[in-house]
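Engineer: Quick one: this structure, given as structure tokens, is what I'll be asking you about.
The values are calculated or read from the model by the stated rules, or taken from the named source; none is laboratory data. In this text the structure is predicted, and so the values were computed from the model without any measurement. For neighbour counting, all protein chains shown are included, and Cβ atoms are generated from backbone atoms with ideal geometry for every residue, glycine included.
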Amino acid sequence: MDLNLRKAILSNIATNDQEQLEATIVDAIQAGEEKMLPGLGVLFELIWTQSDEQDRQDMIEALEQGVKQSSST
């Protein structure tokens, strides 16, 4: 069986507006389920590819802070 997970995820959100996309992200994080991680990864990939260098640097800095905070708890 040939399953293209990325295409399936993108197809599922293709018609979502900003509010729906935010709800998808919030729900996935709050649920904390491992099965949601690939979808979040696809969404992050979209954000990353649409961002300029400054936005990418900001994301890396935020990620670094988040990693430091989560490792100290």
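Engineer: Given the conditions (1) part of a loop (DSSP other than H, G, I, E, B); (2) at pLDDT below 95, report the number of the one that Lys35 does not fulfil.
Structural biologist: Checking Lys35 against (1) part of a loop (DSSP other than H, G, I, E, B); (2) at pLDDT below 95, the one that fails is (1).
Engineer: Being exposed (fewer than 10 other Cβ atoms within 10 Å of the Cβ) and not in a helix (DSSP H, G or I) is the filter here, so list the residues in segment 42-73 that pass it.
Structural biologist: Listed by number, the residues that qualify are Gln50, Asp52, Ser72, Thr73.
Engineer: Another one. Quick one: in segment 9-40, which of the residues that are small (Gly, Ala, Ser) and in contact with a helix residue (DSSP H, G or I) (Cβ under 9 Å, 6 or more places away or on another chain) is surrounded by the most Cβ atoms within 10 Å (Cβ to Cβ)?
Structural biologist: Result: Gly39.
Engineer: Going by what's in this entry, would Ser70 be described as modelled with pLDDT under 95 and out of contact with any helix residue (DSSP H, G or I) (no Cβ under 6 Å at 6 or more places or on another chain)?
Structural biologist: yes
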